[in-house]
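No value in this document is a laboratory result; all are computed from the given coordinates. It should be emphasised that the depicted structure is a prediction, and the values quoted were computed from it without experimental measurement. So basically every Cβ, Gly included, is an ideal-geometry build from the backbone, and we count neighbours across all protein chains shown.
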Amino acid sequence: MKRVVVGLSGGVDSSVAAYLLKEQGYEVIGLFMKNWHDDSVTISNECPWLEDSNDALLVAEKLGIPFQTVDLSEQYQEKIVDYMFREYEKGRTPNPDVLCNREIKFDVFMKIALSLGADYVATGHYCRKGEIDVDGKPMYQLLAGVDGNKDQSYFLCQLSQEQLAKSLFPIGELTKPEVREIASQMELVTAEKKDSQGLCFIGKVRLPEFLQQKLQPKEGLIFEINSNQDIYNKEEKEFASLEEELAFKATAIPYVPEMGKVVGKHQGAHYFTKGQRKGLNVGGTAEPLYIIETDVESNIIYTGQGDQHPGLFKKALFIEKSEVHWIRPDLQLKSGETMEVMARIRYRQPLQKATLHQFENGMYVSFEEQQSAITEGQFVSWHQGEELIGSGVIA
C-alpha cells in the first residue's frame, strides 16, 4: 500500500481528494497547514484558519484517517509574505498563489510529507498528471483539469519534474458539481462549504492595510492620460532585428506628468496595480478610470478612461533568462529558436495564440492579439493542447 499525505485545507476539494485516494486503496494521512496567524488584516471570517482546521479534522475523523497540523507560518512569512512586500515595493504585482504552490505546498510541505514516509503528496487541485516516455525515462505532464470552468493548472505552472513525480491530483478528472455530489453522499462537513477566496491561506485581505504593515502610505498624484495622446500615434518603425522589435513591443511607455492632467490623489503608488479600476476614488469621468501605469520611484499613478484605452494594451512581454521555467525540460528552447503556443497572463484568461522567442538574455512572448494589462511580477504560462509546458515571471 502506497502512503499518500493529503494537504487537507478544510475545503470540499481536498476532502474529496482524500476520500477518493482511500477508495483507491492508498494509505492516507491528512495534514493541515497552518500558515497565517494575523487576523487583523483579513476581511470578515472568509478564511479563519481555526474553522478550516476544525473542518479538516472532522473530515479526517469521518474518513478514518490519521490527522495532524503543521505550523508553516514562519516559512510562509519568509517565502511568500516578505516576497510580496518586496515585489509591491518595486511596483510589481506578485502572484502569491503560484508561489505558494512552488515554495510551500510542493516544497516545504512535501518535504514534511516525505519525512513521514509518504510516497506521494496529494492536493485538491483541478488538474491532472500525465506520464510519457522520453528517451527511455519517465517524463511527467501537467494537464488541464477536466472541468474547464475550474482548471487550476495555471497555479501549478512553476512545478518541477521532481515535484510532479511525487504529486497526485485525485479530483482532476471531475467537475466541481461532481465533487460536491460525492461530498454530500459521504456526508462530509465540507460538502456545502463556500470556496475560499483571496490569498492562498490568508483569505480575503484588505490589500492596502495588509501592505501598510511594511510599506508606509505616501501621498501622490493621479494623472489621466488622454487616449488621443501623441505617444499612442506611433509611426511604423524600422527595426534592425527581431529582438529589437520585440523589445520595443514589450517595453512599457515612459509616461511623464506633462502628458496628462491631475485628477486626484492616492496614498502610495505601490498599493496599486496595472489594469486596476477600483479603489482610485476619482469620479466625474465619462468612463471609469483604469490604471495604465504606476511609477513607484516618483509615486505617480497614470490612468486612462475605459477598458479600451490604448495605454492598457501591449503585444509582447519579456521574461528574464533566470525566470524562464520549463515543466517539460525536453521541450526547452535554445537561443534563436521559436515555438508556437497558447498562453495566458492570468488565471481564468482564455488561452491566447502566442509565439515564444528565446534569446541569449531571456525570452519574449509575442501575442497574435493585443493583451490588456500585462502586469510585471505576474506569471505567463504556455501550453500545447491541454498540457501546460512552461511559465515565467513577466519582467
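Calculated mean residue ellipticity, 222 nm, the chain: -5500 deg cm²/dmol, from DSSP H runs (n ≥ 4) at -39500 (n - 2.57) each, averaged per residue and rounded to 500. For the stretch 68-124, trypsin sites (Lys or Arg not before Pro) are listed when DSSP marks them as loop and at most 14 other Cβ atoms sit within 10 Å of their Cβ; the list is Lys90. By the count of neighbouring beta-carbon atoms within 10 Å, fewest first, Ser227, Ser15 end up ordered Ser227, Ser15.
Put one equal scatterer on each alpha carbon of the chain, apply the Debye formula with no solvent term, and list log10 I(q)/I(0) at q = 0.06 1/Å to two decimals. One equal scatterer on each Cα of the chain leads to -0.27.
Output the antiparallel fraction of DSSP beta bridges having both residues in the stretch 3-212, as a percent to the nearest 5. Before the final figure, lay out the partial values.
Values: 10 of 25 bridges.
Of those bridges, close to 40 percent are antiparallel.
Charged side chains reduced to their Cβ positions (Lys and Arg at +1, Asp and Glu at -1) give the chain a dipole of some 440 debye around its Cα centre. Taking a straight Cα-Cα cut-off under 13 Å and skipping sequence neighbours fewer than 8 places away in the same chain, the aspartates and glutamates within cross-link reach of Lys237 are Glu245. Neighbour counts of other Cβ atoms within 10 Å put Thr69, Thr303 in the fewest-to-most order Thr69, Thr303.
Based on alpha-carbon positions alone, could you give the equivalent ellipsoid semi-axes of the stretch 220-312 from the gyration tensor, as √(5λ), descending, whole Å?
Working: eigenvalues 132, 43, 26 Å².
In descending order the semi-axes read 26, 15, 11 Å.
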